[in-house]
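**Student:** Attaching a single structure in structure tokens format; questions to follow.
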Amino acid sequence: MPAKVTLESLIRMTPMEEVTRVELLGKLGEFSQDQKFRISMLCWDIISSEYDLNLAKKINAILDEVAEKKKEFSMDSLKEADEIQKIEFSRKLTQAQSEEELEKVHKEIGQMSTNNS
């Protein structure tokens, strides 16, 4: 079963300025449930738009090759572009979740160091 997508993971994988990302992650515990819901919906909207844009770029590249007679048109090529986009999305999500886990470990180590001092 895939890992649960957390708000922290969503924020980490959403394309945005790093300053904004750091600020959101730093204030995550201060947001109300409604604010967290709105942030998550906004993140999903942005991620979805990025996904669609990247898929469109891949399809346009294929169609350009067809127009330039470098390649024959094939529905398999379009399906392949979609599969590649899904794989890239999955990698990005996995990376965001890994970063979240690493951050938790760093915090735990920091707390253990503080408690042992």
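Read-outs: derived from the displayed coordinates by stated rules, not from any lab. As the structure is a computational prediction, the values presented were derived from the model and not from experiment. All Cβ positions, glycine included, derive from the backbone under ideal geometry; neighbour counts span all protein chains shown.
**Student:** Please give the net charge around Ser40, taking every other residue with its beta carbon less than 12 angstrom from that of Ser40, where Lys and Arg add +1 and Asp and Glu add -1. Numbers along the way, then the final one.
**Tutor:** On the way: positive: Lys36, Arg38; negative: Glu8, Asp34, Asp45.
Around Ser40, the charge tally is -1.
**Student:** Further question on the same structure: All other residues with a Cβ under 12 Å from the Cβ of Leu102 taken together, and with Lys, Arg as +1 and Asp, Glu as -1, what is their net charge? If you can, show how the numbers build up before the last one.
**Tutor:** Details: positive: Arg12, Lys104, Lys107; negative: Glu8, Glu99, Glu100, Glu101, Glu103, Glu108.
Taking every Cβ under 12 Å from that of Leu102, the sum is -3.
**Student:** Right, something else. Can you list the GluC sites (Glu not before Pro) in region 47-117 that are in a DSSP coil and have 14 or fewer other beta carbons within 10 angstrom?
**Tutor:** Values: sites: Glu50, Glu65, Glu68, Glu72, Glu80, Glu83, Glu88, Glu99, Glu100, Glu101, Glu103, Glu108; in loops: Glu68, Glu72.
Sites meeting the loop and neighbour criteria: Glu68, Glu72.
**Student:** I would also like to ask the following. Rounded, prolate or oblate: which fits the chain, taking a ≥ b ≥ c as square roots of the Cα gyration tensor eigenvalues, rounded meaning a/c under 1.5, else prolate when a/b beats b/c?
**Tutor:** Note, shape of the chain comes out prolate.
**Student:** Something else: Report the chymotrypsin sites (Phe, Trp or Tyr not before Pro) located in region 17-48 that are in a DSSP loop and have at most 14 other Cβ atoms inside 10 Å of their Cβ, or state none. Walk me through the intermediate numbers first.
**Tutor:** On the way: sites: Phe31, Phe37, Trp44; in loops: Phe31.
Counting only loop positions with at most 14 other Cβ atoms within 10 Å, the chymotrypsin sites (Phe, Trp or Tyr not before Pro) in region 17-48 are Phe31.
**Student:** Now for a different question. If you average the sequence gap of Cα pairs under 8 Å that are 6 or more apart and divide by the length of the chain, what percent do you get for the contact order? Kindly include the intermediate steps, with their values, before the conclusion.
**Tutor:** On the way: 49 pairs, mean separation 38.4, N = 117.
Relative contact order here is 33 percent.
**Student:** Which of the trypsin sites (Lys or Arg not before Pro) found in region 1-53 are loop residues per DSSP with 16 or fewer other Cβ atoms within 10 Å of their Cβ?
**Tutor:** Working: sites: Lys4, Arg12, Arg21, Lys27, Lys36, Arg38; in loops: Lys4, Lys27.
Answer by residue number: Lys4, Lys27.
**Student:** While we're here: Going down the table (Lys27/Lys58; Lys36/Lys79; Lys4/Lys86), which pairs top 26 Å between alpha carbons?
**Tutor:** Numbers: Lys27/Lys58 36 Å; Lys36/Lys79 35 Å; Lys4/Lys86 18 Å.
Long pairs (Cα-Cα over 26 Å): Lys27/Lys58; Lys36/Lys79.
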